[in-house]
Structures are given as structure tokens and as C-alpha cells.
Amino acid sequence: MYAAVRARLTSAGARVSGWPWWVQVGGLYLAARLVSAWIFSAAALHQGVNPWFPPKPDYWSFINIWDARWYGEVLQNGYPEVLPTDAAGNVQENAWAFYALFPMLGRIFAGLTGMHPASALTLIAVLCGLGAALVVYSLFRQKATHTTALWGTVLFSTFPVSPVLQVPYAESLNLLLLATALLLVVRRRYLWAMPVVVLMCLSRPTGVPFAAMAGLLFLYRLWQRRAAGRQAEYAAADAGHGTTPHGTTAQSTTPDGTTPHGSSGLWSLAGLTAVSGIGALLWPVIAWVATGNIQAYTKTETVWRGRDLVPFKPWFDTGIQLFGPALGILAPFVFVALFALFMMSRPVAALGTELRLWCSCYMGYLLVFLHPQTSTFRMLLPLFPLALSAALISRSRAYRGAVVLMFLLLQIVWIVWLWAWAPLPGGGDYPP
């Protein structure tokens, strides 16, 4: 019986492998979302008293909580012209913390179709998540075989916080735009990447690390070009009259064996760096112009953490809280050292310069600006290129399948622990 089942599975796998890649990716992604929907539905049955709806809500009500309510507020009522404050003049929670592109698309879609705003946002999130999976596969395919790229996309689709890709949050839209921008950068289509990056900067705050990545990539490519030029000069001098000892024309290559950028390519990359930097400032400037308060965005963003932004400090505070005054101070340094070693490992090196730079810059951005909390898990999604590295660790189906199973089990943990509402002794709950 076991042999018969195995034969049927092998036959089914052979048939599926003959399908177009986009059918394979789309089918696997939607299957992952169905599993997540089942977990959401099961968790909803155990949802008790909460701030939004009666206990034991249905699936659609259960996924429209937390930040989804804020996006719905923006869709229906827009942004406040005057920042709400308490009696002491402290800025209170308000919609300016939530970027405009996602709710704007929801408003357009709801207006065209007549759908309920929450349904429109949910459908956009699901479609953007599907689009992101397709682009992520295309990006991974630049670095790996079809099978490995497909496994990397499956890991992306089943990541413990991937259920957020099917709820009315802007993560799926942001990941679609981010993956598209990274794909264009890897293909050196810098001019095409510019409008994508501008839209990305209006979906979620990923513009600063993207600008840092583009700037560092520009400096690296400039160094490569100069190094390749010197290498070509040495080869021509050794060979005489510009030929190698074997009689072939000396050609310049970069130290990693790729063709160096021409002047136009370098200028395009410099332009992308500038556009990314400007894009990163767009939303804070829009909030400033609309409210008349130059700190409208930053003051709103820091309301949820309960204190003003001080770079790096929250990581040390959290370290002390978790590990005590001595080890807590060392914890951030240990974390950075371990992450640096991880980024130098062979599976991560296979990602190539652009994706490694992106992961490093994004993690650096989190270290500078993020207040570590339960939402940190969700904010790790832009590190999705590391899913390909995880798939590259081993070609064993047992290993890759075990990682997928572990991710699905951790989805249960994330949804039950963080998405479902369970009041803390002091009131409120940890956000997902």
C-alpha cells in the first residue's frame, strides 16, 4: 500500500512539474493561504470578548481587526488635518501612521465595484500577495534553478507571519512593489525601477533602507568598474597591443566576473538612489504639508511605542528587559555579530550582491529605528530573499518539507498568540 501511495504521489508530482511556472507558483501560494484561512477560522472559534465584535466571529470579521480598522478608517474618512492630542498636548494615535497607497487603491476599487470597503481591501491584499509570490519566484529564478526557486517561494508563502498577506494590511502590496523593484535592480533596469520605488515608498516605510541599498550598490559598482579598468590595462600591457597571450582581445570584467556598468548604467543607478531617497521622505512631507506640523508623521509613529525615537536605544532597553543589565547591553552586539556571520554564509552569498545588500540595509534600518516588540515578527517580511537561502541550505525534500511544516505550526502560534485578542492584566493586548 505504501508503494502504491508513493507511486501515485510521484505520478502527480510529475504531472504538476509539467505545468507552467506561474500555475505552479500560484497554486502553491493559494494553497498556503487556504491553510492560513483554516487556522484563522479555528482561532476565531476561541475568540472571546474583544474591542471589535462579539465572541466567536466569522472569518471575515476576524481578519478585519487591528491595523485593518485603521486602513478602513483612512479609506472612508481620510486623514485628519489637525493631529489629535490629549490634555497635555501629546499627539494621540491617528491615521497618519498608515501610508496612503493601500487605502487609496481600496477606495478606487470599492467605488468601481460597489464592494464594502473591508471586502475591497481584503481582495486587494490577497491579489497583491499572489502577485508578490509570482514576482518573488521570478526574482529567485535569477539566482537558482526552478525547483529551488519554487521551494524558496513556498517558504515565503508559508512563513510564520505570512497570514498577514491575506488580511487588509499593506504588507502584501508593499512586498509586491519591493520584490518588483529588487527584480528590476538585479536585472539592472534602474530607470524602470524608479516609479516602482516611488509607489513602494507610499505603501510602507521601506524607502530609507532601499535608498541605502541603492547608494551602497552604486559605490560598489563604481569600485568594480575602476578595478575592471585597471585589470584591463594590466592585461593589455602584458599582452601587447591589447591582446592576451592567446591572441584574444583583452576584455574588462568586474572582480566577481560580471560585465561592468557603463557610464549610463552608473548614472541610472545614481538616479535610482536619489529617487529612493526622495521617495523615503514623501510621506513625512505629505503629513507635514497636510497638518502644518513638521513632525506629524514621526510623532504619530512613535505614539504606539510610548516614547520619542532615540536610534538604537530600544534594542538595548529590550535586551536589559529580557537578559538583565549586564547581558542585556551585550545582546544587541551579539545579535549583530550573528547576523553578520549569517550574511557571509554560503547559502546567503548565493543571493548575489543586490539581495545581500538589501537584507543588510533593511536589518540596519530596523536596528536604528525599530522599537522591538511583538510586531517585529511581521516587520521581518521584507527579508524574504533569505527564504531562498533557507532552500539552498539543502536539496533534501525531507529538510525542505520539515521547514514548511515548522512554518505552518508557527503560523498557529502567531495567530493564536498575537492576532487573537486576549486582554493583558494591565489592559490592551500585544499587537501582531
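The values are calculated or read from the model by the stated rules, or taken from the named source; none is laboratory data. None of these values were measured; they are calculated from a predicted model. Glycine also receives a Cβ, built like all others from the backbone with ideal geometry; neighbour counts cover every protein chain displayed.
The condition of being in contact (Cβ under 8 Å) with a residue 60 or more places away in the chain and charged (D, E, K, R) holds for only one of R69, R33, that being R33. Of all residues in the stretch 301-328, those satisfying the criterion of being under 22 Å from the mean Cα position of the chain (by Cα) and either buried (at least 17 other Cβ atoms within 10 Å of the Cβ) or closer than 30 Å to R221 by Cβ (or both) are E301, T302, P311, F312, P314, W315. Would you mind stating whether T153 is in contact with a helix residue (DSSP H, G or I) (Cβ under 9 Å, 6 or more places away or on another chain), more than 21 Å from M363 (Cβ to Cβ), of a type in the set (V, I, T) and surrounded by 24 or more Cβ atoms within 10 Å (Cβ to Cβ)? Yes: the conditions hold for T153. Note on the stretch 336-376: residues that are in a helix (DSSP H, G or I), under 28 Å from R307 (Cα atoms), among the polar types (S, T, N, Q) and more than 17 Å from the chain's Cα centre (by Cα) total 0. When each of A387, A350, A422, A402 is tested for being touching a residue at least 24 places away in the same chain (Cβ under 8 Å) and closer than 20 Å to T158 by Cα, the lone residue that passes is A387. Of the set (1) modelled with pLDDT of 75 or more; (2) surrounded by 11 or more Cβ atoms within 10 Å (Cβ to Cβ), all apply to T249 but (1).
Scanning the stretch 66-115 for residues that are outside any helix (DSSP H, G or I) and within 20 Å of Q166 (Cβ to Cβ) gives W66, F98, Y99, M115.
Checked against the criterion of being in contact with an Asp or Glu (Cβ under 9 Å, 6 or more places away or on another chain), at pLDDT 70 or above and in a helix (DSSP H, G or I), the stretch 217-231 has at least one qualifying residue.
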